[in-house]
Amino acid sequence: MTFGEQPAYLRVAGDLRKKIVDGQLPPHTRLPSQARIREEYGVSDTVALEARKVLMAEGLVEGRSGSGTYVRERPVPRRVARSGFRPERGATPFRQEQADIGVRGTWESSSEQADAGASIAQRLGIDAGDRVMRTKYLFREAGEPMMLSTSWEPLALTGRTPVMLPEEGPLGGMGVVERMRAIDVIVDNVTEEVGARPGLAEELMLLGGVPGHVVLVIQRTYFASGRPVETADVVIPADRYRAAYHLPVK
């Protein structure tokens, strides 16, 4: 095989993918059988099988027991607005972002104290094993699961204060910026690193995805005068949402 030449199974998968994207094979249409692919493209059974596996791994088709392989419904991706921290009082980033696009969002959360692992300790500038408040969130858009988030805050900063529990107390649910301001910690910077990976089984179970689906992972950290005061991992299904950034020009 010369440089740049694709293996036969990728060429077959690419042609079938194009037919799916172009609408020649619309959602819920049965994918040509392995025998049909073999005959139409002049390839072996092994190549036909591998091409079907590629389309399944990409989430374009799904197998139905005893029936065959069918083209999946392809959702139109929606935006998840990312605008850094919001200084406005009374609006968490999620609430503000949902208002910006005219959608009603809700969330569920649970908090517990935990020991910081090595990676989280590094992100927060603390020692591994130091106590943190870990809060897990499931966000919904119009009732549909859309985003997961796990945040960590050092208890050396928030412990024994009114904002120790992010979703409880007088400032529960108000967001990191407003809560930290209440204990005289002024958040002045936020960083976000965006990556992608296959979703974990437990993540896809909550988000309604299928094995093999890719998720966007946004690693966010809030800072006050250079000190990390909160860090979080935000997980978004990549087939349904796009992270849209609105950054001010200085």
Subject >> Verdict on GLY63 being small (Gly, Ala, Ser), in a helix (DSSP H, G or I), within 27 Å of GLY199 (Cα to Cα) and open to solvent by less than 60 Å² (accessible area, probe 1.4 Å) >> reply: no
Subject >> Subset of the range 217-248 [open to solvent by 10 Å² or more (accessible area, probe 1.4 Å) and at pLDDT below 95] >> reply: ALA238, ASP239, ARG240, ARG242, ALA243, ALA244, TYR245, HIS246, LEU247, PRO248
Original post:
Just one of the numbered conditions (1) farther than 22 Å from GLY117 by Cα; (2) out of contact with any Phe, Trp or Tyr (no Cβ under 9 Å at 6 or more places or on another chain) is not true of GLY173; which one?
Top reply: (2)
**OP:** Please find, among GLU108, GLU112, the residue that is at pLDDT below 95, open to solvent by 60 Å² or more (accessible area, probe 1.4 Å) and in a strand (DSSP E or B).
**Re:** GLU108
Original post:
Across the range 20-33, which residue is farthest from the chain's Cα centre (by Cα) among those that are part of a helix (DSSP H, G or I) and surrounded by fewer than 18 Cβ atoms within 10 Å (Cβ to Cβ)?
Top reply: ASP22
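The values are calculated or read from the model by the stated rules, or taken from the named source; none is laboratory data. These figures come from a predicted structure and were not determined experimentally. Quick reminder, even Gly has a Cβ in these numbers, built from the backbone with ideal geometry, and neighbours come from all protein chains shown. Ligands, DNA and RNA are excluded from the accessible area calculation, which covers all protein heavy atoms including side chains. Shrake-Rupley method; radii C 1.70, N 1.55, O 1.52, S 1.80 Å.
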